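Okay, structure first, notes after.
Derivation of every value follows stated rules applied to the coordinates shown; laboratory data play no part. Because the structure is a prediction, the values reported are computed rather than measured. Virtual Cβ from ideal backbone geometry, glycine too; neighbours counted across all protein chains shown.
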Amino acid sequence: MASSETAFAEAHRARGLAPFLRSQMRNIAPFLTLIFLSAFFAFASPSFATLDNLGNILTQVSVTGIIAVGLTFVILCAEIDLSIASIANVTGIAVAYFTLQESYVNIANVPLPGAVAIVLSILLCALLGLVNALGLTVIGIPSFIMTLAMMQIAAGISALLVRGQIAYKVPGLITTLGSGSVSGIPWIVIVAAIMLLGGHLVLTYTRFGRYVYMVGGNREAAEYSGLNVKLILGAVMVISAVCSGIGGMLGVAHFGSAQQNEFDTYLLDSIAAVVVGGTSLFGGRGGIGNTIVGLFVLGVLNNGLDHVNIDSFLKILIRGLILLAALIINVYAQRLREKAAE
Amino acid sequence: MPEVRSPILELQGITKSFGGVEALRGVDFALHAGEIHGLVGENGAGKSTLMKIIAGVHTEFSGRFLIDGKETHFRSARDAHAAGIAMVHQELSVAPDLTVAENVFLGNQPTNALGLVQWRRMAREAGEQLARFGIDVDPMTRLGDLPIGLQQLIEIARVLFSGARIVILDEPTSALSPPEVERLFATLRRLREEGAAIVFISHFIEDILLVSDTVTVFRNGRKVAETASAATSKGALIEAMIGRGGEALEHSYTDDLMLPQSSDSAVILKVDQLSLSRSLKDVSFEARAGEVLGIYGFMGCGQQELSRILFGKLKPDGGTLAVEGEPKTFASTAAARRAGVALVPESRRDMLFHQEPVYKNVSISILDRISSLLLKPTQERDIARRQVEQLQIRPPVVGLDLGMLSGGNQQKVALAKWLTYPPKLLVLCEPTRGMDVGAKNDVINIVRDLRARGLAIIVLSTEPETVLSLADRILVLKRGALVREFKNEPVSKDRLLEAA
């Protein structure tokens, strides 16, 4: 048995490198993009390829990275979560709301011990995620619409909490994790790394992770295999909201303030990181490894464009074009893969 | 009935093959104005292929094709339509989100000089047309809000009133209730008086005998009989359809087969008064351990819905389900699986992950038995390897993507999912459809082996051979109701067809 299996595997490999590369296109293309961009900026600017700047890039992508962990789960299930930035924002504001502010901050807040404030804030984002989950699975609202509504709801709660003001204080633990560092490494980078690693382990080595891939790969088949598809979809929506919440709390500490519309750019950045990394929008393909590459592509691009001193308005256009290119590759890779499977 | 006059449509020596397999072999067929022509034959006998040639769907074939005595060659369905030929396909093809009136006028809505749709006129005319058909609905209701049978009648009405002089109806009555069938027949007769030629394909031989003037029988791509309906009987038609003397290579099941003494082992599943809107009516039966229960019926008889209810994918409107005496209402397929029910649906695409390796396909439904939190890939592969060996799945490589396996081997993988921890009740829909003889025999042996291990097995099929080759007891489902039970008695293909 084993010998025939090896023989077949060899025969299979002998079919050549080209089909293999084609089937791996979604992993290879983002990586090549990253190498190309890094090489380009290293040539274009002497200040780009330095250890200090690597630290900058890591810090700059950390909040996006934390949010993107949960979003990777959602996109692997062939769903989408548009409420991530709003939930990040409201959670960051909530943790400040439950912390005693300086007397000049004019917010009618409810000061609580730091640990309680953190727990309550995480409960809040989990609750919002649960509402997303119920809307998607029990009522049957498509995630695109459901999370669009949640985006508004979370923004509304944020607005009511801060009423146009800015809060500055967050619990000590959050301040440390968001803006402190240990032996030169920012805590926020460490947290992002740990969460990305955790997400990867869950997706690769746990039963739940397998279910996520299978539900994304063929939802009908998952149901016919006796999986509780609704439970799995609900779980990824809650995971996404909690990751966003954590990203939001640390982000507030990192920026040094909590206010309305603080995280708006993170919605597009997080989706871009996941998709540019090569995770399939049709579900079932990709993973945290892809998201990490995607984060670096975005990070290098944003940071590098600053180094070459380009027109800041052009920068937005270039980011859009890169995103479009990644989407084309994403769809194309799916097609190649399907062809290879036939 | 056919008088001595020239046919409006005449086909001579039509031969058509798909990839080397001949679907039609030298068929002659003629159709006269003012005639209803019934077509019968088993699945794959060539009826639909011939009709698709007439309707311009298949354009590559050999033989002569004459309309009004003139040789014609359609290049597309549009050409056929222009020549006055319209076809109602078996599957409903309506726009459920549009109104009834829009559906009736789909593609040629009345417009005014500015190109705007004349809604009032469209609604009025649609209402008039449907009234002629005995359908009394508000033309401005959304079509999807109407029952399926009515939707099908409206689709048929659209085709009948499109001005076509040759109308082909493929299995039009399978979703209709008896009064709706009556209404359809009345309309067909009226159209015949007006000089239309109608081809009527159906598995329901009584319907064919009732409404048609002439009947043509197909078997294995050949026309084997053409006779006036008044001069034949259901028995004679069935005999012509399946043929004596074994043209087929396989066991043809034309002779009586003795079903075994009914078993009195434990009742695994008890279904009581199950109903689902228009699909199932008061279905009650039991499935026992160590027994294969066959459920036979024509396409659309409610089999598919029944299997989905048993696996928790559909919720019944009424009735109860009990597994080993315990009443169950499955909230999800996961609940059904936990209760010991397994389903292999008729479409492999629906239950397999083509882009994942074989071993993940095998292990997905038993993962919770082998791992609580962390996956155990080595164990998964071992389990899959055992199944692959046992079921002789080729190639025997568990790491290969499923999509690279042949259809028959994929079907075995679909079975393998449920075999490591066998369920109490295994529901198989069309387990051997589209398989070659070798793979079919493999599947039959697997099912027999499972029966010996004490599983209750339900096999649902629209092919009599499948049911006859596997079942110990056979139920016949007709238009959503159980009409006959064969147990402990002789059964054959014509007896099954007779009952259905």
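Between the residues B:Val358, B:Val217, B:Gly63, the greatest Cα displacement towards the positive end of the dipole of the protein assembly as shown, with unit charges on the Cβ of Lys, Arg, Asp and Glu, is found for B:Val358. Rounded to the nearest 10 degrees, the angle from helix A:25-44 to the longest Cα principal axis of chain A is 60 degrees.
Sites count as exposed loop sites when they are GluC sites (Glu not before Pro), lie in a DSSP loop, and have at most 15 other Cβ atoms within 10 angstrom; the longest stretch of chain B without one is B:251-500. Dimensions of the range B:79-212 from C-alpha coordinates, computed as largest minus smallest value along each principal axis and given longest first, are 49, 33, 24 Å.
Projecting the Cα atoms of A:Val276, A:Ile93, A:Ser257 onto the charge dipole of the range A:28-336, computed from C-beta unit charges around the Cα centre, puts A:Val276 farthest toward the positive end.
Kirkwood-based Rg over Rh for the protein assembly as shown (C-alpha set), two decimals? Please list the in-between numbers first.
Numbers: Rg = 32.7 Å, Rh = 31.3 Å.
Looking at the protein assembly as shown, the ratio lands at 1.04.
Look at the dipole of the protein assembly as shown built from charges on Cβ: of B:Ser461, B:Leu11, B:Pro377, the Cα furthest out on the positive end belongs to B:Pro377. Can you pull the percent of Cα pairs in the range B:196-244 with separation above 13 Å? Distances greater than 13 Å cover 54 percent of the Cα pairs. Sorted into 20 angstrom bins from 0, the C-alpha pair distances of the range A:28-336 split as 34, 57, 9, 0 percent.
Restricting to Cα atoms and excluding each atom paired with itself, what does the Kirkwood estimate give for the range B:225-384 in Å?
Values: mean 1/r = 0.0505 Å⁻¹.
In the range B:225-384 this quantity evaluates to 19.8 Å.
Against chain A, whose longest principal axis comes from its Cα atoms, helix A:264-276 is set at around 10 degrees. Kindly identify the range B:374-457 as rounded, prolate or oblate by the Cα gyration tensor criterion: order the square roots of the eigenvalues as a ≥ b ≥ c, call it rounded if a/c is under 1.5, otherwise compare a/b with b/c, prolate if a/b is larger, else oblate. Because a/c hits 1.5 or more and a/b fails to exceed b/c, the range B:374-457 counts as oblate.
Calculated from the alpha-carbon coordinates, the range A:61-132 shows an Rg and a Dmax of 14.4, 47 Å respectively. Between the C-alpha center of the range B:445-500 and that of the range B:366-407 there is a gap of 31 Å.
The local environment of A:Pro111, defined by Cβ-Cβ distances under 15 Å, has a net charge of 0 under the rule Lys, Arg +1 and Asp, Glu -1. By definition, a body whose alpha carbon gyration tensor gives a ≥ b ≥ c is prolate when a/c is 1.5 or more and a/b is larger than b/c, and the range A:196-286 fits this prolate description. Helix-only arithmetic for chain A: the sum of -39500 (n - 2.57) across DSSP H runs with n ≥ 4, divided by the residue total, places the mean residue ellipticity at 222 nm at -25000 deg cm²/dmol. Placing +1 on each Lys and Arg Cβ and -1 on each Asp and Glu Cβ, with no other charges, gives chain A a dipole about its Cα centre of roughly 520 debye.
Remark: C-alpha extents of the range A:35-168 on the principal axes read 51, 46, 26 Å, sorted largest to smallest. Cα convex hull, the range B:105-170: 104 Å³ per residue, rounded to a whole number. Given +1 at the Cβ of Lys and Arg, -1 at the Cβ of Asp and Glu and no other charges, the dipole of the range A:256-342 around its Cα centre is 360 debye to the nearest 20. Note on the range B:9-242: the alpha carbon radius of gyration divided by the globular reference 2.2 N^0.38 Å gives 1.05.
Based on DSSP loop calls and a cut-off of at most 16 other Cβ atoms within 10 Å, the longest stretch of chain A free of exposed trypsin sites (Lys or Arg not before Pro) is what? Don't skip to the answer; put the middle values down first.
Working: sites that count: A:Arg15, A:Arg163.
For trypsin sites (Lys or Arg not before Pro) (loop position, at most 16 other Cβ atoms within 10 Å), the longest site-free span of chain A is A:164-342.
Each of A:Leu130, A:Leu267, B:Leu209, A:Leu295 was scored by other Cβ atoms within 10 Å of its Cβ. Arranged with the fewest first, they read A:Leu130, B:Leu209, A:Leu267, A:Leu295.
Quick one: Kirkwood hydrodynamic radius for the range A:244-342, alpha-carbon pairs, angstrom, one decimal?
Values: mean 1/r = 0.0659 Å⁻¹.
The answer is 15.2 Å.
Given a cut-off of 29 Å, name the pairs among B:Lys16/B:Lys281; B:Lys52/B:Lys417; B:Lys281/B:Lys417; A:Lys169/A:Lys315; B:Lys270/B:Lys417; B:Lys223/B:Lys487 whose C-alpha atoms lie farther apart than that in the structure shown. Can you show the working numbers first?
Values: B:Lys16/B:Lys281 41 Å; B:Lys52/B:Lys417 38 Å; B:Lys281/B:Lys417 32 Å; A:Lys169/A:Lys315 33 Å; B:Lys270/B:Lys417 24 Å; B:Lys223/B:Lys487 35 Å.
Too far apart for the 29 Å limit: B:Lys16/B:Lys281; B:Lys52/B:Lys417; B:Lys281/B:Lys417; A:Lys169/A:Lys315; B:Lys223/B:Lys487.
Note on chain B: semi-axes of the ellipsoid equivalent to its C-alpha gyration tensor, largest first and rounded to whole Å, are 43, 27, 24.
Note down the Stokes-Einstein diffusion coefficient of the range B:148-246 in µm²/s, whole number, using a Kirkwood radius over alpha carbon pairs, 20 °C, and 1.002 mPa s. If you can, show how the numbers build up before the last one.
On the way: Rh = 14.5 Å.
It comes out at roughly 148 µm²/s.
For the range B:111-230, the Cβ-based charge dipole about the Cα centre amounts to some 380 debye (Lys, Arg positive; Asp, Glu negative; other atoms uncharged). Only helices enter this figure: runs of n ≥ 4 DSSP H residues, each worth -39500 (n - 2.57), summed and divided by the residues of chain B, yield -9000 deg cm²/dmol at 222 nm to the nearest 500. Temperature 10 °C, viscosity 1.306 mPa s: under these conditions the Stokes-Einstein estimate for the range A:126-267, based on its Kirkwood radius over C-alpha pairs, is 93 µm² per second.
If you take each beta carbon of peptide B:343-356 and count the beta carbons of other chains within 10 angstrom, what is the mean? Provide the component values of the computation, followed by the final result.
Details: counts 3, 1, 3, 0, 2, 1, 3, 5, 7, 6, 9, 6, 12, 8.
The shielding value for this peptide is 5.
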